[in-house]
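The structure appears right after this line, and notes come after that.
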Amino acid sequence: MKKYILQSIRLTAVLMVLLCVVYPLVVAFAGGFSKGKGGGEKLTKNGKVVGYALLGQSFTKPEYFWGRPSAVGYNAAGSGGSNKGPSNPDYLQQVSDRIDTLLKYNQTIKKADIPADMVTASGSGLDPNISEQGAIIQIKRIAAVRQLDERTVAELVVKNTQGPLLGMFGPTSVNVLKLNLALDALKQ
């Protein structure tokens, strides 16, 4: 029995060193080669940091593209979902309210045109991307409010659309903050 206890202690010590020291150092080293040098890709406007590419933000003004709803108010310290299921009346009311808001501000679309990601929060509450369809349904509103040609806004959406990872994993998506920064750059 003593033999097994000593083996267990040694295995625990080895795994602690590997998983608590070596692995984090390897990840930190690899992160140093990423765009943000391991600190996240910072997006700037006029030399000032306005956000991070991988963190969603709240946009509610009609002249901006709106992102995916957040169950945590886009608070990165409290990342998480609402944990409300599709049979929860409060959740159904939230989704219905979000649909009504989209239809109110985007009067040229139909309820059937609204993609699910525009009315349901992500699991983290911090999703920075929306579907391509989520961006497309907002083009007319933004073009009208900003007095831009719809084609110009549509081209901006196309330029900011990212394909699936490695061309096959996941859907096409649009980073809302990057798209809104590009939209603001049109007027400068």
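Since every read-out is calculated from the coordinates, none of them should be taken as a lab result. Bear in mind the structure is a predicted one, so any value in this text is a computation, not a measurement. Here the Cβ positions follow ideal geometry from the backbone for every residue, glycine too, while neighbour counts run over all protein chains shown.
Residues Leu6, Leu103, arranged from fewest to most other Cβ atoms within 10 angstrom of their Cβ, appear as Leu6, Leu103.
Report, in degrees rounded to the nearest 10, the 0 to 90 angle that the Cα long axis of helix 89-105 makes with the longest principal axis of the chain. For helix 89-105, the angle is close to 40 degrees. Could you pull out the pairs from Lys84/Lys159; Lys42/Lys110; Lys37/Lys140; Lys84/Lys111; Lys42/Lys84 whose alpha carbons sit more than 29 Å apart here? Beyond 29 Å between Cα atoms: Lys84/Lys159; Lys42/Lys110; Lys37/Lys140; Lys42/Lys84. Take each peptide in 25-31, 147-153, count the other Cβ atoms within 10 Å of every residue, and average; sorted highest first, the result is 147-153, 25-31. For the residues Ser122, Ser34, Ser131, a GNM of the chain with alpha-carbon springs under 10 Å puts the largest fluctuation on Ser34. Taking amide hydrogens as placed 1.01 Å from N in the peptide plane, the amide H of Leu43 sits under 5 Å from those of Val50, Gly51, Tyr52, Ala53, each at least 5 positions away in sequence or on another chain. Working note: 222 nm ellipticity from helices only, DSSP H runs with n ≥ 4, each -39,500 (n - 2.57), summed and divided by the residues of the chain, gives -12000 deg cm²/dmol to the nearest 500. The ranking of Val157, Val176, Val14 from fewest to most other beta carbons within 10 Å of each one's beta carbon is Val14, Val157, Val176.
The simple spin-label model puts a point 7 Å past each Cα toward its Cβ; for Ile109 and Leu92 those points are separated by 2.3 nm.
The trypsin sites (Lys or Arg not before Pro) of segment 22-114 that meet both conditions, a loop assignment by DSSP and at most 16 other Cβ atoms within 10 Å of the site Cβ, are Lys35, Lys37, Lys84, Lys110.
For the chain, the dipole from Cβ point charges (+1 on Lys and Arg, -1 on Asp and Glu) about the Cα centre works out to 580 debye, to the nearest 20. Taking other C-beta atoms within 10 Å as the exposure proxy, Ser58, Ser82, Ser173, Ser87 rank Ser87, Ser58, Ser82, Ser173 from fewest upward. Between Ala182 and Asn46, the simple label model (points 7 Å from Cα in the Cβ direction) yields a spacing of 2.3 nm.
Short-range pairs are left out: with C-alpha atoms under 8 Å and at least six residues apart, the relative contact order of segment 46-186 is 29 percent.
Does a label point 7 Å from the Cα of Ser34, set along Cα-to-beta-carbon, have any residues of segment 68-107 with amide nitrogen under 14 Å, and which are they? Output list for this probe position: empty.
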